[in-house]
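Structure record follows, encoded as structure tokens.
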Amino acid sequence: MKNSMIGAVLLFFLILLPAAHAWGKHGLWLAFILFSLSRSVLLLLYLPKLTKWFTSILSEDGPI
């Protein structure tokens with residue numbers, strides 16, 4: 001999950017620099033929206049692994 005945050009921040013700064021220069025505050029908003037979207041997509045990629053981990057924990061210990 002740490003890697004998804006790093007990827008999203010890198011994308012944010014890559015978009016921020018040219019977009020803020022070209023569009024000012026609108027460029028900042030664009031970078032923020034793309035940061036949020038990329039963070040969501042990258043976390044969605046972790047979902048199958050996380051689901052598998054949770055089901056293995058529940059099957060070992062039984063229901064909570």
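Hey, any hits in the range 53-60 for a residue that's in contact with a Phe, Trp or Tyr (Cβ under 7 Å, 6 or more places away or on another chain) and assigned to a helix (DSSP H, G or I)?
To start, the set of residues in the range 53-60 that are in contact with a Phe, Trp or Tyr (Cβ under 7 Å, 6 or more places away or on another chain) comprises none.
No, every residue in the range 53-60 fails to be in contact with a Phe, Trp or Tyr (Cβ under 7 Å, 6 or more places away or on another chain) and assigned to a helix (DSSP H, G or I).
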task = Mind listing whichever residues of the range 6-44 are loosely packed, with under 13 Cβ neighbours inside 10 Å and of a type in the set (A, V, I, L, M)?
result = I6, L10, L14, L17, A22, I33, L37, V41, L44
key: Only one of L30, L43 that is modelled with pLDDT under 95 and in contact with a helix residue (DSSP H, G or I) (Cβ under 9 Å, 6 or more places away or on another chain)   = L43
inquiry  = Report every pair of residues separated by at least 6 positions or lying on different chains whose Cβ atoms are under 9 Å apart, first residue within the range 33-53 and under 15 Å from K2 (Cα atoms), second open to solvent by 90 Å² or more (accessible area, probe 1.4 Å) and not in a helix (DSSP H, G or I).
reply    = L42/M1; L43/M1; Y46/M1; L50/M1
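The values are calculated or read from the model by the stated rules, or taken from the named source; none is laboratory data. This structure is a prediction, so every number in the text was calculated from the model and none was measured. Note that each Cβ is placed from the backbone with ideal geometry, even for glycine, and that neighbours are counted across all protein chains shown. In case anyone asks, the SASA skips ligands and DNA or RNA and just uses the protein heavy atoms, side chains included. Shrake-Rupley method; radii C 1.70, N 1.55, O 1.52, S 1.80 Å.
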